[in-house]
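The values are calculated or read from the model by the stated rules, or taken from the named source; none is laboratory data. No experiment lies behind these values; they were computed from the predicted model shown. All Cβ positions, even for glycine, are placed from backbone atoms using ideal geometry, and neighbour counts span all protein chains on display. SASA here: full protein model, heavy atoms, side chains in, ligands and nucleic acids out. Shrake-Rupley method; radii C 1.70, N 1.55, O 1.52, S 1.80 Å.
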Amino acid sequence: MTETSKDNAKANTMWGGRFAAGPDAIMEAINASIGFDQRMAKQDIEGSRAHAAMLAAAGIITDTDAAAIREGLLTVLSEIEGGTFEFSTALEDIHMNVESRLKDLIGEPAGRLHTARSRNDQVALDFRMWVREQTDAAISGLQALIQALLAQAEAGADWVMPGFTHLQVAQPVTWGHHMMAYVEMFGRDMSRFADARKRMNQSPLGAAALAGTSFPIDRHMTAQALGFDAPASNSLDAVADRDFALEYLAACSITAMHLSRFSEELVIWSSAQFRFVQLSDRFSTGSSIMPQKKNPDAAELIRAKIGRIMGAMVGLFTVMKGLPLTYSKDMQEDKEQVFDAADSLMLALAAMTGMVSDMNANVDALERAAATGFSTATDLADWLVRELGMPFREAHHVTGTLVAMAETKGCDLPDLSLDDMQSVHENINAGVFDVLGVHNSVASRTSYGGTAPGEVRKQIARWKEALK
């Protein structure tokens, strides 16, 4: 008998007496998931060990069989981790591959492992545990990125740069304030993953195929052993639910969107036209034809990851949207896109953390740019309201007239003379020049969450404390 025939024979045994012949090649190819779900081997074996221990504690299998199963599963895991395990597509998935190898190792006791469970609750368990692990990894990755941003913010709490709307210079802000904007974004991302983790942390093990089991199992025991808060409360929902994966992908997508926005800024900032930052050679590449080029390829690739990650979310929504309760084979298509999204997100987070840690801000270029585009016009309008008691709408009009005058003269607002200003409104006095410098502008923005260096340092301290 060939190895393929042996595997087919094993597959028939796993399926039971209902099937007289194994799947043909096409059916085997479309039905098998072992090519990707082998990534859940650790979770599968961990779940099986907890299940076997519970079966023995409940008196459903003997302690001797449970010990043999436990040791056999550890051997299987060592073979998989050591790269010596031979996966078979004829055995379809990670569950049947592991169980088949377990039978080779320990014989008859292996057949008792699947008592009081189904592949439906088994895969729901493995996938949930895998996503939970990736959720923890995402939180750790975001913490590292936030730490790198905090370091940049602390170094540049006083550095002045332009704040933009419509990619036009709007008002001066500080470098630290800009970095802290991304700390807030990634902080929300971190909280989304943490919230999703709370909801996903219920164990489906013991729901069996869909209706529970008649064996006297202890689902609370297995849930606790596997780090869950509780067993899932409805057996139908336990095997049919993939909300945990959808929530994870939603959090991944929002995080990737934030990474993409920051990447776009780094691409712009590192250009010859801006020169706001210099990215390290570790995260840049050259050109095959233009020797002067230093391309921000890492930022561009991070910017593109949103397509794959958001595509995975849409893909899984599409798989799940029309499925009646409980399990359908469609749900085999839930994993590959989640695996890809997880890989893409963790790579993007690591690359962004590296870029932020290494990048150098061009402080002089930032300050020069901050002083362009009449960036202190709002400060002038505020001064007219505060010092001269003007209604804001009138102050807005006077300031607009002065901006037009400066534009005609080819200068910026601080370069207008007092006579120029008084030609528009006679009550303007020399005190106006105290608010027209960019440093004066940012120093005045002392409202909570504002760009004043002191306020930025308060937010840095708050986040450092929160991350402890």
### Message
On the basis of being at pLDDT 95 or above, open to solvent by less than 60 Å² (accessible area, probe 1.4 Å), closer than 26 Å to residue 163 by Cβ and among the β-branched types (Val, Ile, Thr), does residue 338 make the cut?
### Response
no
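For the range 259-276, give me each residue that is open to solvent by 10 Å² or more (accessible area, probe 1.4 Å) and either assigned to a helix (DSSP H, G or I) or touching a helix residue (DSSP H, G or I) at 6+ places or on another chain (Cβ under 7 Å) (or both). Step through it out loud before you land on a result.
Of all residues in the range 259-276, those open to solvent by 10 Å² or more (accessible area, probe 1.4 Å) come to 260-261, 264-265, 267-268, 270-275.
Correct list: 260, 261, 264, 265, 267, 268, 274, 275.
Scan 64, 13 and give me the residue that is closer than 21 Å to residue 109 by Cβ, at pLDDT below 95, open to solvent by 20 Å² or more (accessible area, probe 1.4 Å) and out of contact with any Phe, Trp or Tyr (no Cβ under 9 Å at 6 or more places or on another chain). Walk me through how you get there before you give the answer.
Details: 64 fails: at pLDDT below 95.
Within the list 64, 13, the selection yields 13.
Criterion first (closer than 30 Å to residue 354 by Cβ and surrounded by fewer than 20 Cβ atoms within 10 Å (Cβ to Cβ)) does residue 164 satisfy it?
Numbers: closer than 30 Å to residue 354 by Cβ: yes; surrounded by fewer than 20 Cβ atoms within 10 Å (Cβ to Cβ): yes.
When the stated conditions are applied, residue 164 passes them.
Residues are listed down the side, and each one gets a yes or a no for (1) open to solvent by 70 Å² or more (accessible area, probe 1.4 Å); (2) out of contact with any His (no Cβ under 9 Å at 6 or more places or on another chain); (3) over 23 Å from residue 227 (Cβ atoms):
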| residue | (1), (2), (3) |
| --- | --- |
| 24 | yes, yes, yes |
| 28 | no, yes, yes |
| 49 | yes, yes, no |
| 60 | no, yes, no |
| 68 | no, yes, yes |
| 80 | no, yes, no |
| 88 | no, yes, yes |
| 97 | no, yes, yes |
| 107 | no, yes, yes |
#### Entry: helices (runs of 4 or more DSSP H) enclosed by the range 354-468 - at least 2 residues per element that are free of Cβ contacts under 8 Å to residues at least 12 places away in the same chain
363-370, 377-388, 392-409, 418-424, 453-467
### Query
Can you pull out the residues in the range 341-390 that are β-branched (Val, Ile, Thr) and at pLDDT below 90?
372, 376, 378
## Note on the structure
When the range 116-151 is checked residue by residue, the ones that are under 18 Å from residue 222 (Cβ atoms), open to solvent by 30 Å² or more (accessible area, probe 1.4 Å) and in contact with a helix residue (DSSP H, G or I) (Cβ under 6 Å, 6 or more places away or on another chain) are 119, 120
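Of 432, 456, which residue is among the β-branched types (Val, Ile, Thr) and either open to solvent by 50 Å² or more (accessible area, probe 1.4 Å) or farther than 18 Å from residue 178 by Cα (or both)? Let's see the steps before the verdict.
Numbers: 456 fails: either open to solvent by 50 Å² or more (accessible area, probe 1.4 Å) or farther than 18 Å from residue 178 by Cα (or both).
Matching residue, one of 432, 456: 432.
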### Message
Can you tell me which of (1) under 23 Å from residue 327 (Cβ atoms); (2) touching a Lys or Arg at 6+ places or on another chain (Cβ under 8 Å) is the one residue 79 doesn't meet?
### Response
(1)
### Query
What's the number of the condition residue 409 fails, among (1) surrounded by 13 or more Cβ atoms within 10 Å (Cβ to Cβ); (2) over 45 Å from the mean Cα position of the chain (by Cα); (3) of a type in the set (Lys, Arg)?
(1)
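Residues 170, 148: which one is farther than 30 Å from residue 123 by Cβ and in a helix (DSSP H, G or I)?
Details: 170 fails: in a helix (DSSP H, G or I).
Checking each option against the conditions leaves just 148.
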### Message
So residue 2 passes all but one of these: (1) loosely packed, with under 13 Cβ neighbours inside 10 Å; (2) modelled with pLDDT of 95 or more; (3) among the β-branched types (Val, Ile, Thr). Which condition number does it fail?
### Response
(2)
### Summary
By my count, helices (runs of 4 or more DSSP H) wholly in the range 36-122 with at least 1 residues that are free of Cβ contacts under 8 Å to residues at least 12 places away in the same chain, under 31 Å from the mean Cα position of the chain (by Cα) and outside the structural domain of residue 217 (by the TED database) are 63-82
### Query
Would the range 362-384 turn up any residue that is within 17 Å of residue 440 (Cα to Cα), open to solvent by less than 50 Å² (accessible area, probe 1.4 Å), over 45 Å from the mean Cα position of the chain (by Cα) and not polar (S, T, N, Q)?
yes
### Message
Could you tell me how many of the residues in the range 173-209 are in a loop (DSSP other than H, G, I, E, B), crowded, with 18+ Cβ neighbours inside 10 Å and of a type in the set (A, V, I, L, M)?
### Response
3
